Amino acid sequence: MVPGTPVEIWFQDEARVGQKNGQVYQWAKKGSRPRQPKDQRYASCYIFGAVCPARDKGAALVLPYADSFAMQCHLDEISKNVTTGAHGVVVMDGAGWHKAHDLTIPDNLSTLFIPPYSPELNPIENIWQFIRQNYLSNRLFETYDDIIDACCEAWNKLTTETNRIASIASRKWANNSQSS
């Protein structure tokens with residue numbers, strides 16, 4: 001990286017979404033017992049997502065597996081979303097596919113691994129919580145394609161809502177020297 005190059009901090013992770021989805025609290029009339037669907041099937045996919053809170057921007061792919069090939073595709077996608085002339089630092093956990101030897105890190109990216117067992121250092125965990133609570137919980141998915149469609153729709157809703165990513169994922173300790 002050339003000195004003086006603007007730096008963007010991106011937070012990356014993946015979330016498994018499938019027919020065995022979680023349930024969340026819901027409003028109901030006092031004394032009533034509202035039904036919540038619970039599926040027993042196992043089809044699932046992964047949302048590989050990354051956010052840059054300073055730019056209120058996200059980059060994601062919905063993929064069938066979490067492996068080094070999927071990670072390479074996601075790094076390439078993040079690279080396309082970094083501002084031209086800037087350098088992106090991708091903060092992520094130490095999953096095996098994040099550190100795979102066959103990964104080729106794009107020239108405009110660097111990786112920074114958080115310590116083990118510290119998801120609180122990765123604000124995208126809060127993004128996953130928001131997406132699950134607001135778009136993916138308390139649902140049944142009939143087919144694999146329904147899961148993929150729901151994931152894409154949820155991510156697109158998140159990224160089109162102005163300032164949503166910034167409000168969820170901004171951290172004071174991560175905003176210094178970022179490009180706008």
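The values are calculated or read from the model by the stated rules, or taken from the named source; none is laboratory data. Quantities reported herein were computed from a predicted structural model and do not represent experimental measurements. Positions of Cβ are generated from backbone atoms using ideal geometry, with glycine treated the same way; all protein chains shown enter the neighbour counts. Accessible surface areas use protein heavy atoms only, side chains included; no ligands, DNA or RNA. Shrake-Rupley method; radii C 1.70, N 1.55, O 1.52, S 1.80 Å.
Mind telling me which of ARG16, ARG139, ARG33 comes out most flexible in a GNM of the chain, alpha-carbon contacts under 10 Å?
For the chain, modelled as a Gaussian network with Cα springs under 10 Å, the answer is ARG33.
Largest first, how would MET1, MET71 line up by accessible area (1.4 Å probe)? Can you show the working numbers first?
Numbers: MET1 145, MET71 0 Å².
These residues rank, largest area first, as MET1, MET71.
Give me the one-decimal nm value for the distance between modelled label points at SER137 and THR160, 7 Å along each residue's Cα-to-Cβ direction.
2.4
Say a paramagnetic label sat at a point 7 Å from the Cα of LYS172, along Cα to Cβ; which residues of segment 109-127 have their backbone N under 15 Å from it?
none
Given 10 Å bins starting at zero, what is the percent of C-alpha pairs of the chain in each, up to the one with the largest pair distance?
Calculated P(r), rounded to whole percents: 9, 35, 34, 15, 5, 1, 0.
Where nothing but the Cβ of Lys and Arg (+1) and of Asp and Glu (-1) is charged, how large is the charge dipole of segment 130-174 around its Cα centre, in debye to the nearest 20?
Numbers: 6 positive and 6 negative charges, 106 e Å.
Around 500 debye, computed over segment 130-174.
Before rounding to the nearest 500, sum -39500 (n - 2.57) across all DSSP H runs of length at least 4 in the chain and divide by the residue total; then give [θ] at 222 nm in deg cm²/dmol. Show your work: numbers first, answer last.
Numbers: 4 runs with 45 residues, N = 180.
After summing the helix terms and dividing by residue count, I get -7500 deg cm²/dmol.
Using only Cα atoms, locate the centre of segment 134-155 and the centre of segment 40-106, then give the distance between them in Å, rounded to an integer.
One Cα centre to the other: 20 Å.
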